[in-house]
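Taken together, the values in this text are just the output of simple stated rules run on the coordinates, not laboratory data. The shown structure was predicted, so the numbers you read here are calculated from the model rather than taken from an experiment. Ideal geometry is used to build each Cβ from the backbone, glycine not excepted, and the neighbour counts take in all protein chains shown.
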Amino acid sequence: MAMVRLADGPEFEADVHVAASPDRVWDLVSDITTPTRFGGELYEAEWLDGATGPAVGATFVGRNRNELLGTWETVSRVFDYRPGHAFGWEVRSSDGGYERPVARWRFELEPEEGGTRLRQSVAIGAGASYLVQAIAARPEREEELVGMRLGMLEKGIRSTLDGIRTHAES
């Protein structure tokens, strides 16, 4: 297997069938607080700069916690907002620097028989993060560190997708 480096923009994506209408699913995925309910790293999110909801360019703060990494804040900017179809944001370090993203997250929805196909993805970026610091300190462990981080993000994505499906179907 080829070595996975941070510079390669490692990604993870998962999808689930939701037995609910795309409108019902959209209401959940376009609410930045939805992932906070389902056990991932994000435990609190709020819009910044007077924003009251998603729109391209809108920003929000995310408060995160992880048993291994501790707690931290990020600032995210919406880069993709197509109502009923896609909602994506780029995560930046807490100082809001926009030179390089820490990660790019996206929800995508497709109508399908009996409901909605919901996909969530993440691409890890090279912006200032714990991962970048860990790799700088131990470059010989880059593949292991990137793999470990992808595993953490996969767990969060699967938990969020399962939570959204359960909530939308109830």
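For this structure, a couple of remarks:
- Going by neighbour counts of Cβ atoms within 10 Å, the residues Thr74, Thr166 line up, fewest first, as Thr166, Thr74.
- The simple Förster model, with R0 at 22 Å and r as the Cβ-Cβ distance, assigns Ser159 and Tyr130 a FRET efficiency of 0.65.
- 3J(HN,Hα) along the stretch 51-64: 5, 10, x, x, 6, 4, x, 5, 10, 8, 9, x, 10, 10 Hz, from the Karplus curve 6.51 cos²θ - 1.76 cosθ + 1.60 with θ = phi - 60°, whole Hz, x for Gly and Pro.
- Environment charge of Arg65, counting only residues whose C-beta is closer than 12 Å and scoring Lys/Arg +1, Asp/Glu -1: -3
- Cβ charges +1 (Lys, Arg) and -1 (Asp, Glu), total dipole of the stretch 6-169, debye: 220 debye
- Farthest positive-ward along the chain dipole, Cα basis, beta-carbon charges - from Ser129, Trp89, Leu6: Ser129
- Each helix, a run of at least 4 DSSP H residues, gives -39500 (n - 2.57); summed and divided by the residues of the chain, these come to -8500 deg cm²/dmol at 222 nm.
- Inter-label distance for Arg138 and Ser170, nm, one decimal - labels placed 7 Å from Cα along Cα-to-Cβ: 3.9 nm
- When each of the peptides 76-89, 137-150 is scored by how many other beta carbons lie within 10 Å of its residues on average, the order from highest to lowest is 76-89, 137-150.
- Relative exposure of Leu6, Leu28, judged by other C-beta atoms within 10 Å (fewest first): Leu6, Leu28
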